[in-house]
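Here the structure is laid out as C-alpha cells; the discussion comes afterwards.
The values are calculated or read from the model by the stated rules, or taken from the named source; none is laboratory data. Here the structure is a predicted model, which is why all the values come from computation and not from measurement. Cβ placement follows ideal geometry from the backbone for every residue including glycine, while neighbour counts extend to all protein chains displayed. What goes into the accessible areas is simple: the full protein's heavy atoms, side chains included, and nothing from ligands, DNA or RNA. Shrake-Rupley method; radii C 1.70, N 1.55, O 1.52, S 1.80 Å.
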Amino acid sequence: MKNVARRALLTTIRVTVCLMLLLLVVICWRESQLPPDHRIEDYKLYLEAFKVILIGFGVALLGILVPAIFTEEQNNFERLKESRTAYSEAKTGVEYLPLRLCTLSLQDAAILVQSVHVHKHQAELYDELRQWLERKSGGNPEKEDPAIWGEKTYRKLSAIRKILEAHAASWDKLSPDARLKLLAVENQATEGPSETGS
C-alpha cells in the first residue's frame, strides 16, 4: 500500500507542476498578445486558474495521504498486537514449561519444547520485542535487551532439551514429581556460562 500511495503522490505532484507550467506558458503568451488595458481581467482569470490548481492539488493530497496514514496506523496496530502475542507465547511458554513437561510423555515433551523454541524465534522477529521487555524489566537495562533475553531463553530451552535427551530412556517411567525435580536442574544450568545457539 505504501508504494501505491507514493506513486499516487508523485503523480499528483507531477500533474500539478505540469499544470502550473502550462498556466505560466499561457500567461506569458497572452501577455505578449494583449494590450495593457485588457490585462486586469486576464489577471483575475490567471488567479482563478491558479486557485483551481492549488485546491485540486490539496484535495488530491488529502485523498492520498489520509487513507495511507490510516492504513499505516492500522498496520502498525496489527503488528503491535502480533508482536505482543508472539512475546507472550514465548515468555509464558518458557515460564510454565517445567510444569507442563512433567505431565507429558517424552514425545509430547519434545514437541512442546520445540514449539516454545519456535515461539521464541517468532518473538525475536519483531522490533517491538524491546518495548514488551521494557514493560517487564522493572527498570533493569539488562532485561530490556532483546539479545540478552533471546540468549537466556535459548539457554533455558537448551538445558531442558538436554535433560530430556539425558533421561530419554527413563522419562516415561518417571513420576511427574521426579520429572519436575530433574527439570529444576535447568535453573542451575542457565546460570552457567552462555552457550552459542539460537
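Cα-Cα over 20 Å: which of K136/K156; K143/K181; K91/K143; K81/K152; K120/K152? As for pairs spanning more than 20 Å Cα to Cα, those are K143/K181; K81/K152. When the charge dipole of the chain is built from unit charges on Cβ atoms (+1 for Lys and Arg, -1 for Asp and Glu) and taken about the Cα centre, the candidate among S32, L47, I111 whose Cα reaches farthest toward its positive end is I111. Taking packing as the residue-averaged number of other Cβ atoms within 10 angstrom, the listed peptides 94-101, 154-161, 54-61 run from highest to lowest as 154-161, 94-101, 54-61.
Quick one: check the C-alpha center-to-center distance for segment 1-76 versus segment 79-97, whole angstrom. Between the Cα centres of segment 1-76 and segment 79-97 lies a distance of 49 Å. Rounded to 0.05, the FRET efficiency of the I40 and T11 pair, given R0 = 35 Å and the Cβ-Cβ distance, is 0.50. Think of segment 30-132 as having a plus end and a minus end, set by charges on the Cβ of Lys, Arg, Asp and Glu; of L80, L101, L125, L101 sits farthest toward the positive end of this dipole. Rounded to the nearest Hz, the phi-derived 3J(HN,Hα) couplings of segment 40-52 under the Karplus curve 6.51 cos²θ - 1.76 cosθ + 1.60 (θ = phi - 60°) are 4, 5, 5, 4, 5, 5, 4, 4, 5, 5, 4, 4, 4, where x marks glycine and proline. Taking 8 Å as the Cα distance limit and 6 or more residues as the minimum spacing, I'd like the relative contact order of segment 88-167 as a percentage. Relative contact order for segment 88-167 comes out at 32 percent. For the chain, the solvent-accessible area with a 1.4 angstrom probe is 66 square angstrom per residue. Taking the protein heavy atoms of the chain in the context of the full set of protein chains, the accessible area attributed to carbon and sulfur is 61 percent at 1.4 Å. Take the Cβ-Cβ distance between K143 and S175 as r, set R0 to 30 Å, and report the resulting FRET efficiency rounded to the nearest 0.05. Approximately 0.30, to the nearest 0.05.
When only the Cβ of Lys, Arg, Asp and Glu is charged (+1, +1, -1, -1), the dipole of the chain relative to its Cα centre reaches about 220 debye.
With R₀ fixed at 25 Å, the C-beta to C-beta distance from V4 to W29 puts the FRET efficiency at about 0.10. For Cα extents along the principal axes in Å, computed directly from the structure shown, the correct entry in [x] 69, 39, 21; [y] 107, 32, 25; [z] 101, 44, 28 is [y].
Let's see if you can work this out: charge +1 on each Lys and Arg Cβ, -1 on each Asp and Glu Cβ, no other charges. What is the dipole magnitude of segment 1-94 about its Cα centre, in debye to the nearest 20?
Details: 12 positive and 10 negative charges, 78 e Å.
Here the size comes out at about 380 debye.
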